[in-house]
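A short worksheet on the structure shown next.
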Amino acid sequence: MLTTLLLWMHFIGVGMGMGGGIALSQVGPRLVAAPADQRGMLWTFEIFFARIGAGGLVLLLVTGPLMLWLKFGGAAGLGAWFVAKMMFVVLALIGVGLHEWAGRRFRKGDEAAVPLMFIGGRAAGVGIVLAMLCAVFTFN
Ligand code: HEM
């Protein structure tokens, strides 16, 4: 029962990560293209969707290890697909971190941080999608 609910929360985390990322892929370029004095509303969306995405990742990082511990008794025996999944989880984390850090710099007026925001966002997207691929190969 508990582990089933954790898996449900794990999927909510996937949905939040994907949903936040897709929304940011639309808000980000419009934010960058807008004149500085017209970015107010776009920053509201940017910050909100970034929180949703990062919140999803936190949910994944909490529920994943709990399931691993409670349901599988650890990662031993899960094999190469699980190792690959963890590497893509790390890529997603680095991407979100870079996007967040560069976003803060851009908000303070540093336009040079924009390419780093895009790189971070794309790394996060690739990481989460490939982590899902490796997850289904691990557990099916
Ligand atoms: C970007 C982060 C992550 C994504 C996108 C992700 C995605 C997924 C998906 C799609 C499944 C379902 C696989 C299936 O049932 O066929 C799954 C299951 C699972 N994930 Fe993750 N995951 C992430 C992070 C983690 C982390 C950090 C851990 C643990 C260290 C973890 C541990 C697990 C476990 C144990 C299951 C199996 C649950 C079960 O079948 O009952 N996940 N994950």
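Taken over region 126-140, the criterion of being crowded, with 20+ Cβ neighbours inside 10 Å and either within 18 Å of SER25 (Cα to Cα) or polar (S, T, N, Q) (or both) is satisfied by GLY127, ILE128. Just the residues that are closer than 17 Å to ALA123 by Cα, among the small types (Gly, Ala, Ser) and away from the ligand (no atom under 11 Å from the Cβ), please, taken from region 22-54. Once the filter is applied, which keeps residues that are closer than 17 Å to ALA123 by Cα, among the small types (Gly, Ala, Ser) and away from the ligand (no atom under 11 Å from the Cβ), region 22-54 yields ALA23, SER25, GLY28, ALA50, ALA54. The listed residues are LEU2, LEU24, and the only one of them that is more than 21 Å from the chain's Cα centre (by Cα) and either open to solvent by 70 Å² or more (accessible area, probe 1.4 Å) or not charged (D, E, K, R) (or both) turns out to be LEU2.
Among the residues of region 27-47, those that are surrounded by fewer than 13 Cβ atoms within 10 Å (Cβ to Cβ) and of a type in the set (Gly, Ala, Ser) comprise ALA33, ALA36, GLY40. Answer yes or no: is there a residue in region 77-86 that is near the ligand (Cβ under 9 Å from one of its atoms), out of contact with any Ser or Thr (no Cβ under 8 Å at 6 or more places or on another chain), open to solvent by less than 70 Å² (accessible area, probe 1.4 Å) and part of a helix (DSSP H, G or I). No, region 77-86 contains no residue that is near the ligand (Cβ under 9 Å from one of its atoms), out of contact with any Ser or Thr (no Cβ under 8 Å at 6 or more places or on another chain), open to solvent by less than 70 Å² (accessible area, probe 1.4 Å) and part of a helix (DSSP H, G or I). What about ALA113, is it part of a helix (DSSP H, G or I) and either closer than 17 Å to GLY64 by Cβ or open to solvent by 70 Å² or more (accessible area, probe 1.4 Å) (or both)? For ALA113, the condition - part of a helix (DSSP H, G or I) and either closer than 17 Å to GLY64 by Cβ or open to solvent by 70 Å² or more (accessible area, probe 1.4 Å) (or both) - is not met.
The values are calculated or read from the model by the stated rules, or taken from the named source; none is laboratory data. Not measured: the values here are computed from a predicted model. Backbone-built Cβ (ideal geometry, glycine too); neighbour counts: all protein chains shown. For accessibility, only protein heavy atoms count, side chains too; no ligands or nucleic acids. Shrake-Rupley method; radii C 1.70, N 1.55, O 1.52, S 1.80 Å.
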